[in-house]
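Colleague: Below you'll find the structure I mean.
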Amino acid sequence: MQYPESPLRFRWPDWGIRTTTVPDIARVCFRAKKALEGIVYDTVHLEGNPFTFPEVKTLLEGITVGGHKLSDERQVLNQAKSWHVLLKKVQRGEFTVDRTTFCELQAIVAAEEALECGVFRTGPVSIVGTEYQPPAAAELDTLFDQGVAALESIQQPHWKGILFFLFGSLNQFFWEGNRRTSRLVMNGILMSSGYDVINIPAKKRLDFNEKMMRFYESQDAAEMVEFLVGCSLDPELRIVR
């Protein structure tokens, strides 16, 4: 078991994550593209966006949907755009886990939504529903560099991706869009290694939020790791204890 004193600031279980599916970058990018409307819908639904799946599908087809706030529409379009950028990077072999990529994706995800986009926050933030306090803004540069360096030693892509998502979510590097951006990087790690994406279905919103709240409070990743493995588009992905 790892401990909060680690560069990632949380502990995780010593489990194996295995799949019998053969890695294939072209295949997983194709599958992600085919599922993109659903992925965008699920992602914005987790943020409380009221767009229904048919409305998301219609909007992504280029047809305006009435009866919604412009901010909700923009969030849907930004999420789709960020996925297109991510897929292009993976397909071209240009995806990397670094600050430039992280900030570039966040700038798209949270455009016109965050206080500042494409840069780490410069002030304090809080997470509604929990007493957990994210680190001070002055610590973020060092935390990110140390965390990415620690993740480089993790060879298994699913572990590396899931831990990055939890790392980005816990430390709240941005004013807004932390979970959405961290999920993009997680899936960039997976797809660039030839593995299917992890997508949290809208119907699991309550379960996801409850487990994330417990993760923030405990800094113990075991419950979230198991949950995220169960959300993979790869039906063969399993935890091995």
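Colleague: Inside segment 153-170, can you point out the residues that are touching a residue at least 40 places away in the same chain (Cβ under 8 Å) and over 18 Å from the mean Cα position of the chain (by Cα)?
Modeller: none
Colleague: Yes or no: L105 among the aliphatic types (A, V, I, L, M), out of contact with any helix residue (DSSP H, G or I) (no Cβ under 6 Å at 6 or more places or on another chain) and either closer than 20 Å to R183 by Cβ or at pLDDT below 95 (or both)? So that I can check it myself, show each step before the final result.
Modeller: Working: among the aliphatic types (A, V, I, L, M): yes; out of contact with any helix residue (DSSP H, G or I) (no Cβ under 6 Å at 6 or more places or on another chain): no; either closer than 20 Å to R183 by Cβ or at pLDDT below 95 (or both): yes.
Answer is no for this residue.
Colleague: Something else now. What number goes with the only condition from (1) more than 19 Å from the chain's Cα centre (by Cα); (2) surrounded by 16 or more Cβ atoms within 10 Å (Cβ to Cβ) that T101 does not pass?
Modeller: (1)
Colleague: Before we move on, is R92 closer than 27 Å to T142 by Cβ and either among the acidic types (D, E) or open to solvent by 70 Å² or more (accessible area, probe 1.4 Å) (or both)? Break it down stepwise before answering.
Modeller: Details: closer than 27 Å to T142 by Cβ: no; either among the acidic types (D, E) or open to solvent by 70 Å² or more (accessible area, probe 1.4 Å) (or both): yes.
Considered against the rule, which asks whether it is closer than 27 Å to T142 by Cβ and either among the acidic types (D, E) or open to solvent by 70 Å² or more (accessible area, probe 1.4 Å) (or both), R92 comes out as no.
Colleague: Sticking with this structure for a sec: Identify, please: which residue in segment 123-143 is assigned to a helix (DSSP H, G or I) and open to solvent by 10 Å² or more (accessible area, probe 1.4 Å) and is, among those, farthest from T19 (Cα to Cα)?
Modeller: Within segment 123-143, the first condition is being assigned to a helix (DSSP H, G or I), and the residues that meet it are 137-143.
The next check asks that each one be open to solvent by 10 Å² or more (accessible area, probe 1.4 Å); those that pass are 137-139, 141-143.
On the way: A137: 38, A138: 40, E139: 37, D141: 35, T142: 34, L143: 31 Å.
Looking at the filtered set, the residue picked out is A138.
Colleague: How about segment 89-128: which of its residues are free of Cβ contacts under 8 Å to residues at least 12 places away in the same chain and closer than 23 Å to L151 by Cβ?
Modeller: R92, E94, T96, T100, A107, listed by residue number.
Colleague: Inside segment 1-68, counting only helices (runs of 4 or more DSSP H) that do not spill past its ends, which hold 3 or more residues that are open to solvent by 60 Å² or more (accessible area, probe 1.4 Å), out of contact with any Pro (no Cβ under 9 Å at 6 or more places or on another chain) and touching a residue at least 24 places away in the same chain (Cβ under 8 Å)? Talk me through it step by step, then tell me what you get.
Modeller: Numbers: elements: 25-34, 36-46, 53-60.
It comes to 25-34.
Colleague: Which one of F215, F120, F208 is within 19 Å of D98 (Cα to Cα) and out of contact with any Pro (no Cβ under 8 Å at 6 or more places or on another chain)?
Modeller: On the way: F215 fails: within 19 Å of D98 (Cα to Cα); F208 fails: within 19 Å of D98 (Cα to Cα).
After ruling out the rest, the residue left standing is F120.
Colleague: Another one. Restricting attention to segment 69-82, does a residue exist that is of a type outside the set (F, W, Y), free of Cβ contacts under 8 Å to residues at least 40 places away in the same chain, in contact with a Cys (Cβ under 6 Å, 6 or more places away or on another chain) and open to solvent by 30 Å² or more (accessible area, probe 1.4 Å)? Walk me through it before giving the result.
Modeller: First pass over segment 69-82, keeping only residues of a type outside the set (F, W, Y): 69-82.
After this cut, where a residue has to be free of Cβ contacts under 8 Å to residues at least 40 places away in the same chain as well, the list is 69-70, 72-78, 81.
Going one step further and asking which of them are in contact with a Cys (Cβ under 6 Å, 6 or more places away or on another chain), we end up with none.
Scanning segment 69-82, I find no residue that is of a type outside the set (F, W, Y), free of Cβ contacts under 8 Å to residues at least 40 places away in the same chain, in contact with a Cys (Cβ under 6 Å, 6 or more places away or on another chain) and open to solvent by 30 Å² or more (accessible area, probe 1.4 Å), so the answer is no.
Colleague: Tell me which of these Q146 doesn't satisfy, since it passes every other one: (1) assigned to a loop (DSSP other than H, G, I, E, B); (2) out of contact with any helix residue (DSSP H, G or I) (no Cβ under 8 Å at 6 or more places or on another chain).
Modeller: Going through the list (1) assigned to a loop (DSSP other than H, G, I, E, B); (2) out of contact with any helix residue (DSSP H, G or I) (no Cβ under 8 Å at 6 or more places or on another chain), Q146 breaks only (1).
Colleague: Only one of (1) out of contact with any strand residue (DSSP E or B) (no Cβ under 9 Å at 6 or more places or on another chain); (2) open to solvent by 10 Å² or more (accessible area, probe 1.4 Å); (3) within 26 Å of I39 (Cβ to Cβ) fails for F174. Which number is that?
Modeller: Against the list (1) out of contact with any strand residue (DSSP E or B) (no Cβ under 9 Å at 6 or more places or on another chain); (2) open to solvent by 10 Å² or more (accessible area, probe 1.4 Å); (3) within 26 Å of I39 (Cβ to Cβ), F174 comes up short only on (2).
The values are calculated or read from the model by the stated rules, or taken from the named source; none is laboratory data. For clarity, every value in this text was computed on a predicted model and none was experimentally measured. As a convention, Cβ positions derive from the backbone with ideal geometry for all residues, glycine included, and neighbour counts pool all protein chains shown. The protein model used for the area step is the full one, side chains on, heavy atoms only, and it has no ligands, DNA or RNA in it. Shrake-Rupley method; radii C 1.70, N 1.55, O 1.52, S 1.80 Å.
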